[in-house]
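The values are calculated or read from the model by the stated rules, or taken from the named source; none is laboratory data. The structure presented is a predicted model; accordingly, all values stated were derived computationally and were not measured. Here the Cβ is made from the backbone with ideal geometry for all residues, glycine too, and neighbour counts use every protein chain on show. In case anyone asks, the SASA skips ligands and DNA or RNA and just uses the protein heavy atoms, side chains included. Shrake-Rupley method; radii C 1.70, N 1.55, O 1.52, S 1.80 Å.
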Amino acid sequence: MTGDHVSINKDIWNTDAPNWAKFAHRQWTLDTPEWGTWNNSDDGINMLPATMTDVDAIELGCGTGYVAYWMYRRGARVTAIDISAEQLATARKLATQHSADITFIEGNAEATGLPDAAFDFAISEYGASIWCKPETWLREAWRLLRPGGRLVFLGNHPLSLICSPLNGAPAERVLHRPYKDMWGADWTEVEFEPTGVCFNLTMAGWMDLFAQIGFVVTRYQELYAPNDATGTRDEVPADWAKDYPVEQVWHLAKPG
Ligand SMILES: C[S@@+](CC[C@H](N)C(=O)[O-])C[C@H]1O[C@@H](n2cnc3c(N)ncnc32)[C@H](O)[C@@H]1O
């Protein structure tokens, strides 16, 4: 596949969007959030403030918009941006069905074009957090946040990437890739479940980047599959994800 990561990922998500409509419908009807591949209960994860009245919130890479809706239900004024018109079509349809007044924007989370310091809270669940270049989208999130604002994002744990075979087969209890100099992975040509271009960093790489930009880490979490999980999701077997962290959640603050 040719092109830059933004246009590659845009095309892939426009093609894949119909496959996410059923999941989106389920997510929009949840009373409490569930996070990540294994639908972890929000208990103890708490990616969202309990109440968001008068909070200006943005979701970066909103997909079908269910996280945006959870913030809306907590009282936030919500803007949500995504590069895929087809994903946004699902999000807008569900927003109409749920009478949710959310501003959905088609655009690149690495360069939103939105004003400086317009938001108190930014979030990404498998959106910009994995599909955008870390140094680019994190600087954009910093620009969008007011002093005192917070950014929370969830993505693949580096360990799940290095245990994934190069052909995209399910993760194994074996190190298949180097950890040093990790930047992510190009999944466009793999044998199993080809998709787009994703980004990740080593733990030290993330910490260095946050410090360079000015973000302060307020919490870091590693997510596992729940004890009753079975099967394989997104090329990660439940048994692997019960023993190794499949996802990470960073909670960051822009000092006031
Ligand atoms: C797995 S979805 C995650 C969003 C949401 N949590 C969901 O599951 O519906 C990934 C989304 O990231 C979007 N995306 C990828 N690259 C992007 C970019 N550069 N800017 C904005 N959105 C992007 C895709 O279009 C896709 O809708």
Using amide H atoms built 1.01 Å from N in the peptide plane, name the residues 5+ places from I105, or on other chains, whose amide H lies under 5 Å from its own.
-> A80, I81, D82
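Within 10 Å, at most 16 other Cβ atoms, and a DSSP state outside H, G, I, E, B define an exposed site. Report the longest part of the chain free of exposed chymotrypsin sites (Phe, Trp or Tyr not before Pro).
It runs 1-178.
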What part of the accessible area of the chain, given as a whole %, is carbon or sulfur when the probe is 1.4 angstrom?
-> 51 percent
Computed on alpha carbon atoms, what radius of gyration and Dmax characterise the range 33-111, expressed in Å?
-> 12.4, 34
Checking the range 109-181 for trypsin sites (Lys or Arg not before Pro) in a loop per DSSP with at most 13 other beta-carbon atoms within 10 Å yields R173, K180
Specify, per residue and in Å³, the volume enclosed by the convex hull of the alpha carbon atoms belonging to the range 86-224.
-> 144 Å³
How many times 2.2 N^0.38 Å is the alpha carbon radius of gyration of the range 5-253?
-> 0.95
Per DSSP loop assignment and a cutoff of at most 16 other beta carbons within 10 Å, the chain keeps its longest run without exposed GluC sites (Glu not before Pro) at 1-171
Using amide H atoms built 1.01 Å from N in the peptide plane, name the residues 5+ places from L151, or on other chains, whose amide H lies under 5 Å from its own.
-> A122, L252, A253, K254
Could you work out the helix-only [θ] at 222 nm for the chain, with each DSSP H run of four or more residues adding -39,500 (n - 2.57) and the total divided by the number of residues, to the nearest 500 deg cm²/dmol?
-> -8500 deg cm²/dmol
Report the relative contact order of the range 5-253, percent, no decimals, based on alpha-carbon pairs under 8 angstrom and at least 6 residues apart.
-> 18 percent
Taking only protein heavy atoms and a 1.4 Å probe, what accessible area per residue, in Å², does the range 5-253 have with all protein chains in place?
-> 44 Å²
Name the residues whose placed amide hydrogens come within less than 5 Å of the amide hydrogen of N40, ignoring near sequence neighbours (fewer than 5 apart) on the same chain.
-> W35
